[in-house]
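The values are calculated or read from the model by the stated rules, or taken from the named source; none is laboratory data. Quick caveat: nothing in here was measured; it's all calculated off a predicted structure. All Cβ positions, even for glycine, are placed from backbone atoms using ideal geometry, and neighbour counts span all protein chains on display. Heavy atoms of the whole protein, side chains included, go into the accessibility calculation; ligands, DNA and RNA do not. Shrake-Rupley method; radii C 1.70, N 1.55, O 1.52, S 1.80 Å.
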Amino acid sequence: MLSSQSNWTFTYNEEKIEELAMLKGVDLPDTLKKLLWQRGIRTEEEAEQFLYPSLDQLCDPASFSSIDRAISRVKQAIEQGESILVYGDYDADGVTSTAVMVEALRESGAMCDYYIPNRFTEGYGPNQEAFEEAYRQGFQLIITVDNGIAGIDEVELAQKRGMDVIITDHHEVQEQLPEAYAIIHPKCSDAYPFKELAGVGVAFKFATHLLGYFPKQFLDLVAIGTVADLVPLVDENRILVKHGLKTLTQTSRAGVKALKKLCSIEGTVSEEDIGFRIAPRLNAVGRLQDANLAVDLLLTQDPEEAEELSNYVQDLNTERQKIVGEITQEAIHILEENQNLEDQHVLVVAREGWNQGVLGIVASKLVQTYSRPAIVLTINPETLQAKGSARSIDAFDLFQNCMKVKELFTHFGGHAQAAGMTLPVDHIKELQQQLEDLAKSQLTSEDFKPQLNIDLRLNIQDMALELVKNLESFAPFGMGNPKPLFHLEGIPTEIRQIGATKSHLKLKFTSKGVQLDSIGFGLGDQYEQLAQQTTMEVVGELQVNEWNGIQKPQLLMKDMAVNDWQLFDFRGTSKWKKQLDQQVRRSYYLKFQQDTVVPGINQILQPSELIDMNESIDSLYILDLPQQLNELTRVLEKIQVKRIYACFQLQQSNYFQSMPTREEFKWLYQLILKRGYFNYKKDAPKLSEFKGWKLEKIKFMFQVFHDLNFVTKESANIIPKNNPEKKDLTESALYQEMSDRMQVEEILYYSSYHQLKKWISEQMEKTQVPEEEMAYGL
């Protein structure tokens, strides 16, 4: 047995096949129709919109509250020659939002500049010093992008200085709104139907309304910012990213082309190219220094400048990776040294000197490692303020819970799964305790396991290359539209570790001539806990694996499980010693013979000791053979075990020594009755030659006769007794011992893997009949 690392939820009801009739006009296999149904698509029209999203499906920007007022103010500023400041943010969504807004304003004829606050000296969102500086430089209008909804005091200051502020944002709305000239925010606009735009999506809507036409040239930036900000890729976001990826593939932007070259992106650009290559590099700039460099890269039209800037961005990203690794290790060390992590519901870790620009990434890594909400803070010893980031698990709404203790923060903002914060150092312990109490009241132990929503159960024949290629029509994948997860059950024909450090796992499944490889990156440590010839369940994403021009489907494993107990067969070898399961707490070693000793293993239990422990067992190593099968049966009836290691060896086998038949015993007994004696030293060799029996066999037969009191010994002769008591051969302890031993060897040692597993399973399934029932014969 091997428990899954995640909670599996099978989201499709196989019994509702008839519902697919509603999608009968969709030209797709039933498997893909089921996936459409999973995504809430119920009609052919909805399927068409999902599979072939059109720009015509986008919502009208005029639906935003106060957008007309905002556009009028911008046009007034253009007409009167006022200076406009675009106030952005330092992440990928923020810098793409800034670039979109600046380009739209400049195309409209505005005199504008942009400003990205420094993450380290100013932090997220509007700040009064920056607004004061904007006033001193003569700006009359400030437009925020990807921030501003929490800037109450800063907007008030701007008004006092005679500056108007237009807020374009998408972050969570708090209890009080700023008194801005206009707020363009999907969650502040009842008439705007889609509420999950990224910051760049809101900026794009504003730009569209300002320019009076649909600016497709901005879609590459919209795709980058939307994917990078992890907003749900549904509805408008899906449309914008789908078309934005096409624009990004053919982009003429010098900066973006330089980034693509640096990332080795050729041909069609995917959402994964953004998420794993482009966005981390743009984010790295603001994590380590002033993010204006990233905006410069996106806006430049000079290829030489673009190449120079992109190389600098690459250097920053390399440095960022190094810093993240160091801080993550330090954070893990602090947590494991100072906290009982099993009892902790929320992790809070703080230290002086950490780079606050990467703390969100570190928090994400802690969540991945411990499956708990994590807050990572850097402490400023001069101001005695702690500043950092938080990430959460699905079951714990970080924003709502932190808002319940908002009095502890100097600054706070974010979403359900991510947040940024500043607070006094002496509030850290109280924050941890209050969030701990909130989490305890809301979460169960199952909530700490990651959630995997499984779309369909498929067999190996279903997982064909055609299916994998058809799945491409469901892209772009991301939040709200994850890659489909498939469940496969079978017995792997091959299990092995792969990779230079053996950190990955490969399973090969075969059925009816069809083979499917299943790869689990980072799952190599599971290898020791997987027995050959065992039915396994795997959950993963389908992908195309291409090697030497040959394409074939492959399952990228996300999790795996074995729901039955497992048998590891090490009979007759000592290799099991190399595979001792040191990581499993409940590993026990069982012996039946008093003299069994294994170097390096101190506590070896006897059957009664193991039964008396009365607890579930992860791994049971059986080190030797019992004298009788029922000795092992009694153990197996009483315990619950996930893995059994059959480690016994035979020094001397009885199985291949032929047990005399009853006729042979009868013939020999009649011989000595007729002769009246048997001189073993003289007669045994003659008998051996005559009957073809081994001397050991003859000796054993006379030992059984003696055991049954059929014969006695006088001098050198064996003499039959007169009128001995009638007894069956089985009444001889020696005969029974030999019979038991041969049975033990036959079933436990010389049986096949499947025969042994079947026998053990049968013993484990036996139920004990209560003594009172036995007494009454019921």
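Can D437 be described as among the charged types (D, E, K, R) and either modelled with pLDDT of 90 or more or open to solvent by less than 20 Å² (accessible area, probe 1.4 Å) (or both)? The answer is yes for D437. Regarding segment 439-457, can at least one residue be identified that is within 20 Å of Y90 (Cβ to Cβ), over 17 Å from the mean Cα position of the chain (by Cα) and not charged (D, E, K, R)? Checking segment 439-457: not a single residue is within 20 Å of Y90 (Cβ to Cβ), over 17 Å from the mean Cα position of the chain (by Cα) and not charged (D, E, K, R). Taking the criterion of being surrounded by 22 or more Cβ atoms within 10 Å (Cβ to Cβ) and without any contact (Cβ under 8 Å) to a residue 40 or more places away in the chain, the residues of segment 337-360 that qualify are L347, V349, W354, L359. Among the residues of segment 171-198, the ones that are modelled with pLDDT under 95 and closer than 20 Å to T98 by Cα come to 2 in all.
Based on this model, can you work out whether E446 counts as open to solvent by 60 Å² or more (accessible area, probe 1.4 Å) and within 21 Å of R351 (Cβ to Cβ)? Against the criterion (open to solvent by 60 Å² or more (accessible area, probe 1.4 Å) and within 21 Å of R351 (Cβ to Cβ)), E446 does not qualify. Within segment 459-516, the set of residues being closer than 16 Å to M536 by Cβ, in a loop (DSSP other than H, G, I, E, B) and not aliphatic (A, V, I, L, M) comprises N459, P492, T493. Could we say that A374 is touching a residue at least 24 places away in the same chain (Cβ under 8 Å), open to solvent by less than 30 Å² (accessible area, probe 1.4 Å) and touching a Lys or Arg at 6+ places or on another chain (Cβ under 9 Å) here? Yes; evaluated as a whole, the condition is true for this residue. Of the residues making up segment 617-649, those that are part of a strand (DSSP E or B), out of contact with any Asp or Glu (no Cβ under 6 Å at 6 or more places or on another chain), in contact (Cβ under 8 Å) with a residue 40 or more places away in the chain and within 18 Å of K758 (Cβ to Cβ) number 4.
Look at segment 116-133: where a residue is at pLDDT 85 or above, no partner that is β-branched (V, I, T) and open to solvent by less than 70 Å² (accessible area, probe 1.4 Å) sits 6+ places away or on another chain with Cβ atoms under 6 Å. Tallying residues that are under 27 Å from P280 (Cα atoms) and in a helix (DSSP H, G or I) within segment 331-388 yields 20. Of everything in segment 450-473 that is among the charged types (D, E, K, R) and open to solvent by 70 Å² or more (accessible area, probe 1.4 Å), the residue that is nearest to H487 (Cα to Cα) is R457. The residues in segment 440-458 that are at pLDDT below 90 and either farther than 19 Å from V367 by Cα or assigned to a helix (DSSP H, G or I) (or both) can be counted, and the count is 4.
The residues on offer are Y753, Y669, and the sole one that is hydroxyl-bearing (S, T, Y) and in contact with a Pro (Cβ under 8 Å, 6 or more places away or on another chain) is Y669.
Considering only residues in segment 528-564 that are of a type in the set (D, E) and either open to solvent by 50 Å² or more (accessible area, probe 1.4 Å) or not in a strand (DSSP E or B) (or both), the one that is farthest from Y621 (Cα to Cα) turns out to be E546. The set of residues in segment 420-439 being among the β-branched types (V, I, T) and either farther than 23 Å from S364 by Cβ or part of a helix (DSSP H, G or I) (or both) consists of V425, I428. In this structure, is F412 among the aromatic types (F, W, Y), within 16 Å of P373 (Cβ to Cβ) and in a strand (DSSP E or B)? In short, yes. With respect to the stated conditions, T208 fails to be crowded, with 17+ Cβ neighbours inside 10 Å, more than 31 Å from the chain's Cα centre (by Cα), assigned to a loop (DSSP other than H, G, I, E, B) and of a type in the set (S, T, N, Q). Taking R106 as the residue in question, decide whether it is open to solvent by 40 Å² or more (accessible area, probe 1.4 Å) and assigned to a helix (DSSP H, G or I). Spelling it out, R106 is indeed open to solvent by 40 Å² or more (accessible area, probe 1.4 Å) and assigned to a helix (DSSP H, G or I). Just one of Y90, Y135 is more than 22 Å from Y213 (Cα to Cα), aromatic (F, W, Y) and not in a helix (DSSP H, G or I); which is it? Just a single option satisfies the conditions, and that option is Y90. Filtering segment 246-283 to residues that are open to solvent by less than 20 Å² (accessible area, probe 1.4 Å), touching an Asp or Glu at 6+ places or on another chain (Cβ under 7 Å) and in a helix (DSSP H, G or I) leaves L248, A254, V256, A258. Failed condition for K33, given (1) open to solvent by less than 60 Å² (accessible area, probe 1.4 Å); (2) touching a residue at least 24 places away in the same chain (Cβ under 8 Å); (3) in a helix (DSSP H, G or I), with all others met? Among (1) open to solvent by less than 60 Å² (accessible area, probe 1.4 Å); (2) touching a residue at least 24 places away in the same chain (Cβ under 8 Å); (3) in a helix (DSSP H, G or I), the lone unmet condition for K33 is (2).
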